[in-house]
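Novice: Quick one: the structure is below, and I'll ask about it shortly.
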Amino acid sequence: MVTDEIYINFQKAFDTVSHPKLISKIKAYNISDDQLERIRCFLQNCTQQVKIKNTISHSILVTNGVPQGSVLGHTLFLLYINDLVDCFDNIQCTVKLYADDAKFYSSHSLCDDLDLVLVRLAALALPITNVLLTDYPAIMYLHRCSNMLFRVFN
């Protein structure tokens, strides 16, 4: 058995979440209007500033991202990328999401021809990359992606 795996890390994942897109995705889960408004208020009018030693910058309005360091921030990010799995229904692979990482894998019968395995891995990687760059361009960071090949020998 051969398993092709592709690992993807989302760049600055929590900082790049589009608030309007997130609210739209949350609506799709049929969350009540009251709860949706609470989430909208949680995201709106957030500001940030930087402090270096005793100097503090001016506040700026945060229009993207979910607050880090909060339980709700992680949950909101997962709701934002949860539909990512649906983008790959037509590709024969399994997708696993964990925080700001994704793993795509597909298993095949054992083949001694490494060239064939690499062709299969490239065929798996191309549609994954195309979907991510099209639908999630702000969070796709190709430099922290990798692939692995596992073989089991009897």
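The values are calculated or read from the model by the stated rules, or taken from the named source; none is laboratory data. Small disclaimer: the values here were computed from a predicted structure and weren't measured. Note: ideal-geometry Cβ built from the backbone for every residue, glycine included; neighbour counts use all protein chains shown.
Novice: Only residues that are crowded, with 19+ Cβ neighbours inside 10 Å and farther than 25 Å from D86 by Cα: list them for region 1-47, please.
Specialist: Residue satisfying the conditions is L43 alone.
Novice: For L72, state whether it is at pLDDT 85 or above and of a type outside the set (F, W, Y).
Specialist: Judged against the criteria, L72 is a match.
Novice: Is there a residue in region 100-114 that is among the aliphatic types (A, V, I, L, M), surrounded by 11 or more Cβ atoms within 10 Å (Cβ to Cβ) and modelled with pLDDT of 65 or more?
Specialist: Yes, some residue in region 100-114 is among the aliphatic types (A, V, I, L, M), surrounded by 11 or more Cβ atoms within 10 Å (Cβ to Cβ) and modelled with pLDDT of 65 or more.
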